[in-house]
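Notes follow the structure.
Where a number appears in this text, it was derived from the coordinates with a stated rule and is not lab data. Bear in mind that the values here come from a model prediction, so they are computed numbers and not experimental data. Here Cβ is always computed from backbone atoms with ideal geometry, including for glycine, and neighbour counts include all displayed protein chains.
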């Protein structure tokens, strides 16, 4: 288990994390770890997301009307998205901003990350599958299982098997590399980086 290794890698985003995790922005505002999952999906997606749409979906309706807040967090959000893009372009295992100190917290944080990833994915789900086919469904399985977005027998069996479920969660940072490669190493990259 490597959740402690990744905490220090995100110290430069401490102000952004504090704002997003404060609960003061908007009830729809994503937490820092959720924002990271959402940003990872935007980087992977074959469909571009504008900076304005990105900010709106991360901070919610109330936040998008707060120009001071936007000016404060926009540079860090764009920098974080660029960092994710660089890691995936280099084929590096994606660093996820985990602060977990035990297995239960690790599972909870990965589930939050996965739920936000899937929230973005479903906005362009058809395009993902049109371009990636069955391979996309297979690669997304660990993220789908963790997100809680789909309830069926296969997903329930995965979640009920603690060892298998934990193994799938630990594999997510590598899965996103493969997802990225499907859309971006084949010359289909239309995503806004």
Note: residue 12 to residue 50 extended length (0.36 nm per residue) minus current alpha-carbon separation gives 11.3 nm
Rounded to 0.05, the calculated FRET efficiency for the beta carbons of residue 86 and residue 134 at R₀ = 30 Å is 0.55
Expected unfolding gain across residue 28-residue 72 under the 0.36 nm per residue rule, minus the alpha-carbon gap, is 14.0 nm
Whole-number value, in Å³ per residue, for the convex hull of the alpha carbons of region 62-132 is 151
Largest first and rounded to whole Å, the semi-axes √(5λ) derived from the alpha carbon gyration tensor of region 3-184 read 25, 19, 16
For region 59-193, averaging the sequence separation of alpha carbon pairs under 8 Å that lie six or more residues apart and dividing by its residue count, the contact order in percent is 29
The Cα extents of region 39-82 along the principal axes, largest first and rounded to whole Å, are 30, 19, 12
So, with points 7 Å from each Cα along the Cβ direction, the residue 103-residue 61 label distance in nm works out to 4.2
Pseudo-spin-label distance residue 166 to residue 95, built 7 Å along Cα→Cβ, given in nm, is 2.5
